[in-house]
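The structure under discussion appears below in the form of structure tokens.
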Amino acid sequence: MHGEKGNMETFSNAPNSVTLKPPVASIGPIGWARKNLFNSLFNSILTILTLYLIWKVLPPFIRWAFVDSLWYAASEQCKAGDGACWSIITRNIRFILFGFYPYDLHWRPLCAMLILFTLLGFSRNRKNWNKHLAYAWIAGLLAMGLLMKGGVFGLKSVESTQWGGLPLTLLLAVFGLTAAYPLGIVLALGRQSKMPIVRVFCVLYIELIRGVPLISLLFMSSVIFPLFLPEGVTLNKILRAQAAIILFTAAYIAEVVRGGLQAISRGQYEAAESLGLGYFLTMRLIILPQALKIVIPPSVSILISAFKDTSLVVIIALYDILKTTQSMLSNPLWMGFSKEAYLFLAVLYFLGCFSMSSYSRKLEKDLSAGT
């Protein structure tokens, strides 16, 4: 046996030995296609039908959207053309993005959005999560409010009724989601509280809010809520819509977080008790960090749905980016080009939702490192 083994090693180390490679059909693009697209008769048929559908749909769409499209033409030229009229976006982009905000002051909401995107970009990296970032958010939010509202430092005052477009959508989404998440955590903890009054109140709130659509809450905030205010007292319509979005989203977040709390084993609570930790320290240091990591995927799904639901404020006459686009389409010059306008909106909403989804995957991966 030892002799045979030595002979085999000599043969494998010989200068003229040949190393056999895997078959071409099992590696590379061909191997991937055979494994994933043509590994059975049913999958092969689906792949062929899908490729046929793409061949029938994609080339005409590319020709309509890019080859025969018009980007800076007048509306009369668009009506005579065969391709997409992207001029409806390029010629009305400022109204779509900023609505009825004074035209000569558009630099202010633009700067406010740049500040927001910068803060969000820095916040993506967990290494930047410190007190300096918190101070930056406070300063940034104050700067955004001053830029949008004005009235100080020589800035012309602009009423909130003139706010609209993308800044209003971002305002409702970012502030709504930021405020709804901690409120949802508090409601989830309250629903599991041992104090009957707190538990009953949280249960009633969660079930009541989840039992009605967001449209109903928006109508109540816009029409019914002002009836309960004292005479002469009014609240800004944007604030009322913002409160409705926060209250609605928090109820769904509460149920997701409650599921995460129930997934934590009893041993974690007993370990905290053995260390002499009280309720608040137990939740802050041991239970919530584990529970919130578990529920990242469903939480982000709810936040993405809430981000898209901000478009419902159009029914209470708030000029978010959907409403400004619809107003622009009511112009006789640009009637008939709704496909291009709504495709542009779809891209904007997709970018927002995809950013949230990709960040959630990155955060989940970072928090799971080493486990």
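Observations
- Within segment 330-344, tally of residues that are surrounded by fewer than 16 Cβ atoms within 10 Å (Cβ to Cβ) and more than 22 Å from the chain's Cα centre (by Cα): 8
- Selected residue [modelled with pLDDT under 90 and outside any helix (DSSP H, G or I)] from LEU318, LEU285: LEU318
- Number of the condition not met by THR118 [criteria: (1) more than 30 Å from LEU333 (Cα to Cα); (2) modelled with pLDDT of 90 or more; (3) in a loop (DSSP other than H, G, I, E, B)]: (3)
- Scanning segment 66-86 for residues that are touching a Leu at 6+ places or on another chain (Cβ under 8 Å) and either at pLDDT below 85 or not in a loop (DSSP other than H, G, I, E, B) (or both) turns up SER75, GLN77, CYS78, GLY81, CYS85.
- One residue stands out in segment 44-76 among those that are polar (S, T, N, Q) and surrounded by 13 or more Cβ atoms within 10 Å (Cβ to Cβ): the one that is farthest from LYS339 (Cα to Cα), namely SER44.
- Restricting segment 125-149 to residues that are of a type in the set (Gly, Ala, Ser) and in contact (Cβ under 8 Å) with a residue 24 or more places away in the chain, the residue that is farthest from MET356 (Cα to Cα): ALA143
- Selection from segment 222-273 of residues that are among the aromatic types (Phe, Trp, Tyr) and surrounded by fewer than 11 Cβ atoms within 10 Å (Cβ to Cβ): PHE228
- Test: residue in segment 84-98 that is aromatic (Phe, Trp, Tyr) and free of Cβ contacts under 8 Å to residues at least 40 places away in the same chain: no
- Qualifying residue in segment 337-353 (condition: more than 30 Å from CYS78 (Cα to Cα) and either hydroxyl-bearing (Ser, Thr, Tyr) or free of Cβ contacts under 8 Å to residues at least 60 places away in the same chain (or both)): yes
- Just one of the numbered conditions (1) over 30 Å from PHE350 (Cα atoms); (2) at pLDDT 90 or above; (3) surrounded by 14 or more Cβ atoms within 10 Å (Cβ to Cβ) is not true of ILE185: (1).
- Residues that are β-branched (Val, Ile, Thr) and out of contact with any Leu (no Cβ under 7 Å at 6 or more places or on another chain), drawn from segment 289-334: ILE294, VAL295, VAL300, ILE302, ILE304, THR324
- In segment 242-266, the qualifying residues are those that are modelled with pLDDT under 90 and over 20 Å from SER299 (Cβ atoms), and the one that is farthest from the chain's Cα centre (by Cα) is ARG266.
- Helices (runs of 4 or more DSSP H) fully within segment 143-222 counting 1 or more residues that are under 29 Å from MET328 (Cβ atoms): 165-170, 176-191, 214-219
- Selection from segment 356-369 of residues that are in contact with a Lys or Arg (Cβ under 9 Å, 6 or more places away or on another chain) and either surrounded by 14 or more Cβ atoms within 10 Å (Cβ to Cβ) or assigned to a helix (DSSP H, G or I) (or both): TYR359, LYS362, LEU363, GLU364, ASP366, LEU367
The values are calculated or read from the model by the stated rules, or taken from the named source; none is laboratory data. Nothing here was measured: the structure is a model prediction, and the numbers come from that model. We place every Cβ from the backbone using ideal geometry, glycine too, and count neighbours over all the protein chains shown.
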